[in-house]
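Let me begin by presenting the structure, written as structure tokens, before commenting on it.
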Amino acid sequence: MVNISNLPPATPESVWALLQEVAQSQKETDKQIQKVAQSQKETDRQMKELQKTVGGVTNNQGSFAEEYFFNSFENGKKNFFGEKFDEVVKNLSSFWQGLKDEYDIVLYNHASVAIIEVKYKAHLNDIPTVLKKAETFRILFPHYKDFKIYLGLASMSFYPELEQECTEQGIAVIKQVGDTVVINDTKLKVF
């Protein structure tokens, strides 16, 4: 705390000097604020570049997983869910009356459809998305309304809780084990 009783009396010159000192200090503060703002712009630009790079890596991983599982089905893994499938299609999508959905891998035969959702690294929160696929498929492709629909979740890695929840929900677990695709469809449900 400043004891004002010890200060010399204010004169117009001393007030003017103090105001000039404050003005100079304000100019220096403004310069520092401009430097910080410029630095923040550069940081923001770098963050956008990083987000773009990370997004690209994530998309590449997803594309890799889709291609890996699609090739596995196309090259002989058409016998599962206790049935043989004649045709395998990837990235099937449809739009009708405001409803839109995409199906990573779809297998067909004369009476059944298998819809496989592919994730590079699947999580428990992917299960509702997988379950909804049967519902949207029947709406978007009504000519398959009387077909049995099977659901599967394919991922490069599964953790035990996810695998257990898929099994309990009647969803096939399709995973990479070494160089092989392993399908667990023991409690598979018709949707």
| query | Taking 0.36 nm per intervening residue step and subtracting the Cα-Cα distance, what contour gain separates Asn125 from Val22 on full extension? | reply | 31.3 nm
| note | Assertion target for Val190, Val173, Val88, ordered by fewest C-beta neighbours within 10 angstrom first, is Val190, Val88, Val173
| Thinking of the range 131-188 as a set of Cα atoms, what percent of all their pairs are more than 18 Å apart? | 41 percent
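Computed from the coordinates by the stated procedures, all read-outs in this text should not be read as laboratory data. This structure is a prediction, so every number in the text was calculated from the model and none was measured. Here Cβ is always computed from backbone atoms with ideal geometry, including for glycine, and neighbour counts include all displayed protein chains.
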